[in-house]
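The values are calculated or read from the model by the stated rules, or taken from the named source; none is laboratory data. Predicted, not measured: the structure shown is a model, and the values here were computed from it. Positions of Cβ are generated from backbone atoms using ideal geometry, with glycine treated the same way; all protein chains shown enter the neighbour counts.
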């Protein structure tokens, strides 16, 4: 896909967010992805799709070296049950394949929750296709997406 047709890059441009684009080959791990992007593993921000109810989803931005804390996220959202949709549903509700999902250019503008560690630093986000990422200011991402900053993750392991 050409950059001038990539929904994520178009959405970043439309939001006026300065970003650097990185293209890299296939990667098999977080460490490989970080090396290919020239960042630390914790600077890679995974975009996870979470289902609250039928046709009610949200994006959760999670640093690569952390994982969602389901109890913290449920408490923040005031719900007893949330889940991650299967790959086909995630693609249907975002327009992106799992592993390439980003809130930017998604087919629907779902609410965004960003782990509190996202703001105030430079991050790397997937950009809607395998081997394509953008390096951006986390605070710009939070602001552009009107993301809710909260402590919703725990260290991996």
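Just checking, does segment 70-77 include any residue being at pLDDT 95 or above and either within 24 Å of residue 18 (Cα to Cα) or in contact with a helix residue (DSSP H, G or I) (Cβ under 9 Å, 6 or more places away or on another chain) (or both)?
Within segment 70-77, none of the residues are at pLDDT 95 or above and either within 24 Å of residue 18 (Cα to Cα) or in contact with a helix residue (DSSP H, G or I) (Cβ under 9 Å, 6 or more places away or on another chain) (or both).
List the pairs whose first member sits in segment 64-93 and is more than 18 Å from residue 150 (Cα to Cα), whose second member is in a loop (DSSP other than H, G, I, E, B), and whose Cβ atoms are under 6 Å apart, counting only residues at least 6 apart or on separate chains?
87/98; 90/98; 91/97
Would you please name the residue that is surrounded by the most Cβ atoms within 10 Å (Cβ to Cβ), looking only at residues in segment 118-157 that are in a loop (DSSP other than H, G, I, E, B) and free of Cβ contacts under 8 Å to residues at least 60 places away in the same chain?
Per the stated criteria, the residue is 119.
Say we look at segment 108-117 and pick out the residues that are in a strand (DSSP E or B) and out of contact with any helix residue (DSSP H, G or I) (no Cβ under 6 Å at 6 or more places or on another chain); which of these is nearest to residue 68 (Cα to Cα)?
115
Across segment 86-107, what is the total count of residues that are in contact with a strand residue (DSSP E or B) (Cβ under 9 Å, 6 or more places away or on another chain) and either part of a loop (DSSP other than H, G, I, E, B) or under 22 Å from residue 135 (Cα atoms) (or both)?
The qualifying residues number 10.
Just need a number here: residues in segment 53-65 that are surrounded by fewer than 18 Cβ atoms within 10 Å (Cβ to Cβ) and in contact with a strand residue (DSSP E or B) (Cβ under 8 Å, 6 or more places away or on another chain).
Residues that pass the stated criteria total 1.
Out of (1) under 18 Å from residue 145 (Cα atoms); (2) assigned to a helix (DSSP H, G or I); (3) touching a helix residue (DSSP H, G or I) at 6+ places or on another chain (Cβ under 7 Å), the odd one out for residue 49 is which?
So the condition that residue 49 fails would be (2).
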